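See below for the structure under consideration.
The numbers here are math on the coordinates, done by the rules we state, and not lab data. What you see is a predicted model; the values in this text were computed from it and never measured. A quick note on method: Cβ atoms are made from the backbone with ideal geometry, for glycine too, and the neighbour counts reach across all protein chains shown.
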Amino acid sequence: MLTCRELVQTRASDYLDSQLNWRQRASVRFHLLICDHCRRFIRQLDLVRRVLAREPEAPVSEAELKALAERLHRQHQQQAGHRHK
Amino acid sequence: MTHQNPVDDAALLVRLRSGEKAAFEELVRQHHGAMMRAAAAIIGDAQAEEAVQEAWLAAIRHLHDFEGRSSLKTWLFSIVINEARGRLRKTKREVLIDDQDSRNEGLFDPGRFLCDGHWAHEPALWHDQSPEALLSHEDFLHCLGKLLDTLPDIQRSVLTLRDYQGLEVETICNILSVSASNMRVLLHRARAKVYTMVDLYEETGTC
């Protein structure tokens with residue numbers, strides 16, 4: 001039987017990421033059914049994952065984006081020129 | 001974060017290849033922020049800018065070779081990550097093994113569980129129940145930033161690419177040249193550290 005320690009230390013992330021085979025997944029599911037501590041833990045670890053997904057990106061200035069796009073466009077035009085020669 | 005589907009990619013590619021100026025702006029707008037983030041995850045903020053510029057130039061150089069086997073996003077990512085990793089290799093010896101120091105900390109602290117494998121104490125309740133609630137605290141953002149900075153490079157890369165950028169496990173393994181099992185261990189170690197930080201933050205309001 002899967003213990004709390006095994007679930008927390010070796011299975012939790014793989015369970016959340018759907019990386020377990022069906023047997024491992026069933027053992028986690030069964031454990032969660034009977035263990036409210038681990039249910040709470042899994043909810044919290046899932047929250048951690050979602051926090052990381054939403055951590056704000058450092059804003060890039062409009063001017064910077066425009067300048068970069070222009071530079072890339074210019075480079076592309078030059079390449080196209082070379083190709084057609 | 002933007003999720004481009006292949007159909008949009010194909011349309012954008014046609015416009016890029018024909019040299020339409022607005023298409024370049026669209027491309028940069030969609031991907032530059034995430035590419036900066038990916039590069040910073042690997043080599044730090046200071047060097048990220050240059051790596052991303054190089055990556056963009058390389059991408060435009062090879063625009064005609066792109067075959068659409070992956071999404072444009074994944075392709076751009078593999079370029080920026082290779083660029084960043086190349087720089088990392090030049091600046092320091094890379095350590096791909098996991099850090100040994102923290103093996104007995106946080107969720108891996110032997111005191112957290114009894115001999116029979118049960119929790120020694122129940123995990124504490126958290127006041128904040130949603131990402132929005134946690135991220136609304138200025139000091140929490142500070143704590144999170146600080147923690148991410150202290151992660152071993154490879155853990156930070158895996159965590160950023162998976163949880164922030166949302167790349168598939170297989171893609172990340174290819175990008176970072178680690179086995180799937182290795183990557184899963186690294187990812188869980190990194191999440192466990194964030195978990196421990198959040199747990200402390202919820203209890204004390206500091207980190």
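Normalised by the number of residues in chain B, what is the relative contact order in percent for Cα pairs under 8 Å and 6+ residues apart?
Rounded, it is 21 percent for chain B.
Which of B:GLU49, B:GLU26, B:GLU83 ends up with the largest GNM mean-square fluctuation for chain B, with Cα atoms connected below 10 Å?
It is B:GLU26.
Only Lys, Arg, Asp and Glu count, each charged at its Cβ (+1, +1, -1, -1), so figure out the dipole size of region A:1-83 about its Cα centre, rounded to 20 debye.
300 debye
Just from the alpha-carbon atoms, what are the Rg and Dmax of region B:101-204 in angstroms?
15.1, 40
Pop out the Kirkwood hydrodynamic radius of region B:6-91 from its pairwise C-alpha distances, inverse of mean 1/r, in Å to one decimal.
Roughly 13.1 Å, rounded to one decimal.
Please compute, for peptide B:157-164, the average count of beta-carbon atoms on other protein chains lying within 10 Å of each residue's beta-carbon.
Mean shielding by partner chains, rounded to a whole number: 3.
For helix A:62-84, report the angle its Cα long axis makes with the longest principal axis of the Cα atoms of chain A; keep it between 0 and 90° and round to the nearest 10°.
Here the helix axis deviates by roughly 60 degrees.
Taking a quarter of the surface of the convex hull around the Cα atoms of the protein assembly as shown, what do you get in nm²?
Mean projected area for the protein assembly as shown: 17.1 nm², to one decimal.
Where Rh denotes the Kirkwood radius from the mean inverse Cα pair distance, what is Rg over Rh for chain A?
1.43
Taking neighbour counts of Cβ atoms within 10 Å as a proxy for exposure, in what order, fewest first, do B:CYS115, B:CYS143 appear?
Ranking B:CYS115, B:CYS143 by Cβ neighbours within 10 Å, fewest first, gives B:CYS115, B:CYS143.
Using the Karplus curve 6.51 cos²θ - 1.76 cosθ + 1.60 with θ = phi - 60°, work out ³J(HN,Hα) for each residue of region B:172-179 in order, rounded to whole Hz, and write x for Gly and Pro.
5, 4, 5, 5, 9, 6, 10, 6
Nearest 10 degrees is fine. How inclined is helix A:36-54 to the longest principal axis of chain A, computing both from alpha carbons?
Tilt of helix A:36-54: around 0 degrees.
Please identify, among A:LEU47, A:LEU20, A:LEU65, the residue showing maximal mean-square fluctuation in a Gaussian network model of chain A using a 10 angstrom Cα cutoff.
A:LEU65
As an exercise, identify the trypsin sites (Lys or Arg not before Pro) in region B:10-79 lying in DSSP coil whose Cβ has no more than 13 other Cβ atoms within 10 Å.
B:ARG69
Apply the Debye scattering formula to chain B, with a single equal point scatterer on each alpha-carbon and no solvent, then give log10 I(q)/I(0) at q = 0.16 Å⁻¹.
For chain B at q = 0.16 Å⁻¹, log10 I(q)/I(0) is -1.12.
In degrees, nearest 10, range 0 to 90: what is the angle between the Cα axis of helix B:45-61 and the longest Cα principal axis of chain B?
30 degrees
How do B:VAL169, A:VAL60 rank when sorted from fewest to most other Cβ atoms within 10 Å of their own Cβ?
Lowest to highest Cβ neighbour count: A:VAL60, B:VAL169.
Which cysteines does chain B leave without a neighbouring Cys Cβ under 4.7 Å?
B:CYS115, B:CYS173
Return the calculated 222 nm mean residue ellipticity for the protein assembly as shown, to the nearest 500 deg cm²/dmol, obtained by summing -39500 (n - 2.57) across DSSP H runs with n ≥ 4 and dividing by the residue count.
That comes out to -21000 deg cm²/dmol.
Can you work out ³J(HN,Hα) from phi for every residue in region B:135-143, in order, using Karplus 6.51 cos²θ - 1.76 cosθ + 1.60 and θ = phi - 60°, giving whole Hz and x for Gly and Pro?
Karplus-based 3J(HN,Hα) across region B:135-143 equals 6, 7, 8, 4, 5, 5, 4, 4, 4 Hz.
Is region B:105-163 best put as rounded, prolate or oblate by its Cα gyration tensor, with a ≥ b ≥ c the root eigenvalues, rounded for a/c under 1.5, and otherwise prolate when a/b is larger than b/c, oblate when not?
oblate
Amide H to amide H, which residues 5 or more places from B:PHE113 or on other chains are under 5 Å from it, using H placed in the peptide plane?
Correct list: B:ALA120.
Would you calculate the separation in nanometres between label points at A:GLN78 and B:LEU200, each defined as 7 Å from the Cα along the Cα-to-beta-carbon direction?
Placing both labels 7 Å along Cα→Cβ, they lie 4.9 nm apart.
Based only on other Cβ atoms within 10 Å, what is the fewest-to-most ordering of B:SER136, B:SER70?
In increasing order of surrounding Cβ atoms, one gets B:SER136, B:SER70.
Under a Cβ-only charge scheme (Lys and Arg +1, Asp and Glu -1), can you give me the dipole magnitude of region B:28-172 about the Cα centre, in debye to the nearest 20?
700 debye
Kindly write out, for region B:114-131 in residue order, the coupling ³J(HN,Hα) from the Karplus curve 6.51 cos²θ - 1.76 cosθ + 1.60 (θ = phi - 60°), rounded to whole Hz, with x marking Gly and Pro.
7, 4, 7, x, 7, 4, 6, 9, 5, x, 5, 6, 9, 5, 7, 10, 9, x
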